1. Only one of N472, N467 is of a type in the set (S, T, N, Q), under 14 Å from K554 (Cα atoms) and loosely packed, with under 15 Cβ neighbours inside 10 Å. Can you tell me which?
2. Can you confirm whether region 526-541 contains a residue that is more than 16 Å from L594 (Cα to Cα), within 32 Å of the chain's Cα centre (by Cα) and not hydrophobic (A, V, I, L, M, F, W, C)?
3. Would you say K217 is touching a residue at least 40 places away in the same chain (Cβ under 8 Å) and either of a type in the set (D, E, K, R) or buried (at least 24 other Cβ atoms within 10 Å of the Cβ) (or both)?
4. For region 549-566, which residues satisfy the criterion of being buried (at least 18 other Cβ atoms within 10 Å of the Cβ) and either farther than 18 Å from Q476 by Cβ or within 27 Å of the chain's Cα centre (by Cα) (or both)?
5. Does region 556-572 contain at least one residue that is out of contact with any strand residue (DSSP E or B) (no Cβ under 8 Å at 6 or more places or on another chain) and more than 18 Å from A509 (Cα to Cα)?
6. Going through region 38-54 one residue at a time, which ones are outside any helix (DSSP H, G or I) and touching a Lys or Arg at 6+ places or on another chain (Cβ under 9 Å)?
7. For region 88-110, does any single residue satisfy the condition of being in a loop (DSSP other than H, G, I, E, B), at pLDDT 95 or above and either more than 20 Å from T194 (Cβ to Cβ) or out of contact with any Ser or Thr (no Cβ under 9 Å at 6 or more places or on another chain) (or both)?
Amino acid sequence: MMSAQNWPNLVEMFFDQAETCGERPFLWAKVDGKYQALSWREVAAQVTQLARGLQALGVKAGDRVVLVSENRPQWLIADMAIMAAGGVTVPAYITNTVNDHRHIVEHSQAVGMIISTPKLAERALQAAHLSELTHFAVMMDDLDLQQSLNVDVINWQAALNRATKSEANIRQDAKRFKKTDTACIIYTSGTGGTPKGVMQSHAAVLHNLFGATQVLKQLGLSEEVFLSFLPLSHSYEHTAGQFWPISLGAQIYYAEGADQLLANMAEVKPTLMMAVPRLYEMMLSRISRGVVKQGGNKQKLFDKTVALGSKAYHSPADMTLMDKLQNVVLERLVRKKVRERFGGRLKAFVSGGAPLNPDVGLFFTALGVCILQGYGQTESGPVVCVNVPENIKMNAVGPIFPHTEVRIADDGEILVKGDLVMNGYWRDEDTTHATIIDGWLHTGDIGVFDADGHLRITDRKKDIIVNSGGDNIAPQRVEGILTLAPEIAQAMVYGDKRSHLVGLLVPDADWLKDWARANAKAQTLAELSDDNDLHRALGDAVSQVNSHLSNIEKVRKFIIASEPFSIDNAQMTPTLKVRRHVLKTVYGEALEALYG
């Protein structure tokens, strides 16, 4: 297998792997309730045909095409076809509003769109209709269009049939693309405001693929099976969940959705999977609640497994002979069953997108499930570093990827240099020049190196709370500890330039349901957010959390949100990160009132 660093671009990599893998299964999706596969050869044929069709629709070198779709085989086919046609893919989240789509379409100056379903087309086509430059939209699924639009809407097969250039020419054209060319423009998910278009080069993604393969060789990479769950419009899944499998000649299964994820894992039996910390937090909560409901000897065995697994991680030298014997037994009785819930073949979860609470990582490690936390951002390909299997550190994000320079600035900011650094922000030279200085990407994250050269992230530079006493407080650490309490699902702490922290809390839905029933209360959070009894119950949980925090980190008062933070209410990004600026707009006055 060719090393990722030797391919000249992503299109060449794809066609080379398709030629090598031929009739082997590649992309799997549910059809009539059963997973069915497209072979590498079939996918390559569709990529070639669609690329020729896009050229017939007028796509020229460097033209932007917006891609709006849930994860499915056609996502990858469309992405590769846009690049093979000489264009630049602009992925968009399926949760985008009409205004979100309009911003991306107009800002990227897209000439066309590729859209999956009629439901997604309702918003996406409105944006295309309002754009002066967008002149076509390709629909993956059939659309019964009732009104006249300013864009030419054609179905998938019609786009394939528009092909005018030979397959050989498309394949030959791919050799002309340079590593430094922009492969895609990925708009950041907007945790702090209007999304910016990050220009990722072929070199940035190839750099990441080489680094991931080198670091994770310890897992024994062979016939890999990926389960794609995170949105492909996010750079993390785009690079690690799509292009990395391509580089490995692996198979990709597409999950049916969050509610079917565990069922899909049991069915697919993935060997590698990308996920964000929020998913692990939800799985921890679900597993813990299930164990408590079972009670009795099963709960005792589970608790003993976690305790011994934690001891083996923290102080293996202190493990007694009895501890080791019990651990062997618990490996069969408990850990094997936990791994079977994830399919039984999982070599590792790879965690990214936000900091992973060390206690969450330790919980799964103690249960025999490997979680490798990494770090990066869209502007860096997106991965800078990741933990290695032989030396996992719960409070660190691992050693730096090969061919990458990282240094810590005087103010603690992490600076990154190398092929992984973006080409810049699309149509935003001022922000580009403020972010990349002398070749160094200023990440906006604060971190330190430990004695082993592993990077530790302390917080986002712009998110750090500086209290009135001048102390720096990392809100994500406090929030992570709060949400480990079984009563609390989500949290945001607040207190910049104030004497102490206050918080905004969302109760755990299952816990709230049980509490409301036991106390003869209303069932909805909107009705309960001002309830004094609920406030006292959560206050007990916050007091327990405070006992584990330093004095400046303690949450002195809190309010209860009227609804969970979600993508739909714009209080979370599509990758489940809190949008602090939105929450401050909604709850700012109530949070300020806590200081009265």
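1. Working: N467 fails: loosely packed, with under 15 Cβ neighbours inside 10 Å.
One residue alone meets the criteria, N472.
2. There is no residue in region 526-541 that is more than 16 Å from L594 (Cα to Cα), within 32 Å of the chain's Cα centre (by Cα) and not hydrophobic (A, V, I, L, M, F, W, C).
3. Numbers: touching a residue at least 40 places away in the same chain (Cβ under 8 Å): no; either of a type in the set (D, E, K, R) or buried (at least 24 other Cβ atoms within 10 Å of the Cβ) (or both): yes.
No; evaluated as a whole, the condition is false for this residue.
4. I559, I560, A561, F565
5. yes
6. S39, the sole residue that qualifies.
7. From region 88-110, those in a loop (DSSP other than H, G, I, E, B) are 93-97, 109-110; that's our starting set.
Adding the requirement that they be at pLDDT 95 or above leaves 109-110.
Applying the additional criterion that residues be either more than 20 Å from T194 (Cβ to Cβ) or out of contact with any Ser or Thr (no Cβ under 9 Å at 6 or more places or on another chain) (or both) yields none.
Looking through region 88-110, none of the residues is in a loop (DSSP other than H, G, I, E, B), at pLDDT 95 or above and either more than 20 Å from T194 (Cβ to Cβ) or out of contact with any Ser or Thr (no Cβ under 9 Å at 6 or more places or on another chain) (or both).
Residues are listed down the side, and each one gets a yes or a no for (1) in contact (Cβ under 8 Å) with a residue 40 or more places away in the chain; (2) under 30 Å from R289 (Cα atoms); (3) within 22 Å of the chain's Cα centre (by Cα):
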| site | (1), (2), (3) |
| --- | --- |
| P399 | yes, no, yes |
| V406 | yes, no, no |
| D410 | no, no, no |
| L415 | no, no, yes |
| G424 | yes, no, yes |
| T435 | yes, no, no |
| K462 | yes, no, yes |
| Q476 | yes, yes, yes |
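The values are calculated or read from the model by the stated rules, or taken from the named source; none is laboratory data. Nothing here was measured: the structure is a model prediction, and the numbers come from that model. So basically every Cβ, Gly included, is an ideal-geometry build from the backbone, and we count neighbours across all protein chains shown.
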